[in-house]
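Remarks on the structure that follows.
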Amino acid sequence: MPHTQPEDDVPVLIVGASLGALRTAEALRRSGYVGPLTVIGDEAHLPYNRPPLSKAALSDGVSHDDLAFPLRSVIDDVRWMLGTRIVSADLDARIIRDSNGHEHPYRALVAATGVRARRLNFPEAANNACFAVRTLDDAHALRASLQPGSRVVIIGAGFIGCEIAATARTLGCEVTVISSHPVPLARPLGSELGGEIMRRHQAHGVQFLVGRTVTQVAAGAENMNMVTLDDGSSLECDVLIEAVGSHPNTEWLRDNDLNLESGVLTDSQLRAVRADGTPWPDVFAVGDIARFPNALYDNEAHAVEHWNIPSETGKRVGETLSHYLAGPAAVAEPAERFAPVPSFWSDQFEIHLLAYGTLVRADRNELLHGELGDDCIFGYFQGDRLVGVCGIGMRATVMKYRAELAATGQRV
Amino acid sequence: MIEIKVDMTTCQHYGQCVFEAPNVFQLNAEDHLEWKATADDSERENVEAAIDVCPMQAISLAD
């Protein structure tokens, strides 16, 4: 039932204007909160979909209109403050500040600032030939440089690095991937499946330098970069792409009673917790920065950078926060435990990966269906318990395991 | 009735929509998406959830 806050014109503030913010705003409105609601984001764009940034946005070129999420009428009266960077917060005073020194008081705060690409910062590099891909503007900047015959070096062989490698190779670039680990994608997928993905990339002409790290990048002639590795070898490139993981955007929350190690530590309601473990009633985190306990996994707290998590956490926070704002009488612990099944997918050449669960929790994996050189499905186990599943192709079968992964937690 | 559109140049057959609206979307034996172009109004909420979870944002309602 809708409720109002008569004399209260202090807004709910959501910081960060991406998918998590969008789903939080929708859920707040759908759950009955009708008071002022403002989303503040540092990017110039309304929320847009990021997975295409390492694929179609580089190969076909796409505009914000192509990637923008639809804005449903339920959030018509939400205020969007774009191009505004929040730099600090005072949670006791319920005020945040932007980079222009303006203060923004809030009634409740949702941290949805996500992660940024980790950068390696080589001081002698030609920086206009160094790229990372996290935002639409990043993808636009890189796209013009990916020409047939361009020599592209990618540092990092995780999902983003491998996806960009496939996209650049398909565009006709000469692509070399440098991986500190002996096998690409081994940490999430295991050595067997990671090795198979590397073989398929190599069959398309992607070069891999594995077990190597970059020690130096120095600008050469004509805006090229010379990349030196830890074995003393070096290679020249026209385009250098860093795909070496992410860093949580939590600096603006420093100097408050929070745990900001690897994100924002929250309770199962996504409320940010103090050092003593008690939650702030009016401060929440959603999306990539929310380090939340998942009931599927013994309530151990982890931040999960998969596409479905901003939506799952945003919906949860919208509902919880709406009840909180309705007043003490309406506050009730949600009946349902919070146990989202992480899901992710990746497209590299003709390889279509689909996965569920938390593969990095596994201590072993085994081939469950198919053959390694063909369509196949791997299961990931922690002891005897299935904690994740990943397939190349065979999606209908992969999807059947999702129910098993969701049900495993319910035994607890 | 509701009218459902899927942009098949964008769809990557991830099948996330199948969990949200199994009466409307399914993957066939070749792992390709099949869907009903029209459905009863009672499916609207499920289809809207399917629109939200599509990683490629390929689904829309014509109205």
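The values are calculated or read from the model by the stated rules, or taken from the named source; none is laboratory data. It should be emphasised that the depicted structure is a prediction, and the values quoted were computed from it without experimental measurement. For neighbour counting, all protein chains shown are included, and Cβ atoms are generated from backbone atoms with ideal geometry for every residue, glycine included.
Figures for the structure shown
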quantity	calculated
Answer from A:Gly373, A:Gly327, A:Gly383 - the residue that is surrounded by fewer than 22 Cβ atoms within 10 Å (Cβ to Cβ), free of Cβ contacts under 8 Å to residues at least 40 places away in the same chain and of a type in the set (Gly, Ala, Ser)	A:Gly383
Hey, A:Arg316 within 30 Å of A:Leu120 (Cβ to Cβ) and basic (Lys, Arg) or not	no
Residue among A:Gly194, A:Gly190, A:Gly161 that alone is crowded, with 23+ Cβ neighbours inside 10 Å and within 27 Å of A:Asp288 (Cα to Cα)	A:Gly161
Matching option when the condition is basic (Lys, Arg) and either buried (at least 21 other Cβ atoms within 10 Å of the Cβ) or out of contact with any Gly (no Cβ under 9 Å at 6 or more places or on another chain) (or both), among A:Arg199, A:Arg116	A:Arg116
Tally of residues being touching a strand residue (DSSP E or B) at 6+ places or on another chain (Cβ under 6 Å) and part of a loop (DSSP other than H, G, I, E, B) across the stretch A:124-144	5
Only listed residue being modelled with pLDDT under 95, closer than 20 Å to A:Ser311 by Cα and more than 8 Å from the chain's Cα centre (by Cα), chosen from B:Met56, B:Met1	B:Met56
Top-ranked residue of the stretch A:82-103 - restricted to ones that are surrounded by 15 or more Cβ atoms within 10 Å (Cβ to Cβ) and among the charged types (D, E, K, R), ranked as nearest to A:Ala21 (Cα to Cα)	A:Arg85
Test: residue in the stretch A:47-60 that is surrounded by fewer than 14 Cβ atoms within 10 Å (Cβ to Cβ) and out of contact with any Pro (no Cβ under 7 Å at 6 or more places or on another chain)	yes
Residue match in the stretch A:53-62 (condition: away from every other protein chain (no Cβ under 14 Å), farther than 20 Å from A:Gly314 by Cβ and under 22 Å from the mean Cα position of the chain (by Cα))	yes
A:Gly263 vs. criteria surrounded by fewer than 22 Cβ atoms within 10 Å (Cβ to Cβ) and closer than 27 Å to A:Cys130 by Cα	no
Evaluation of A:Asn121 against (1) touching a strand residue (DSSP E or B) at 6+ places or on another chain (Cβ under 8 Å); (2) at pLDDT below 95; (3) on the phi > 0 side of the Ramachandran plot (one fails), failing number	(1)
Residue satisfying all of: in the stretch A:63-81; more than 13 Å from every other protein chain (Cβ to nearest Cβ) and loosely packed, with under 14 Cβ neighbours inside 10 Å; nearest to B:Leu61 (Cα to Cα) among these	A:Asp76
Failed item, numbered, when A:Asn299 is tested on (1) touching a Pro at 6+ places or on another chain (Cβ under 8 Å); (2) under 26 Å from B:Ala49 (Cα atoms); (3) at pLDDT below 95; (4) away from every other protein chain (no Cβ under 14 Å)	(2)
Within the stretch A:189-307, strands (runs of 3 or more DSSP E) holding 1 or more residues that are within 26 Å of the chain's Cα centre (by Cα) and closer than 26 Å to A:Ala166 by Cα	A:207-210, A:214-219, A:239-242, A:246-248
A:Ala329 being modelled with pLDDT under 95, within 27 Å of A:Pro105 (Cα to Cα) and over 21 Å from the mean Cα position of the chain (by Cα)	yes
Strands (runs of 3 or more DSSP E) lying entirely in the stretch A:342-412 (those with 3 or more residues that are within 21 Å of B:Cys54 (Cβ to Cβ) and within 11 Å of another protein chain (Cβ to nearest Cβ))	A:343-348, A:351-357
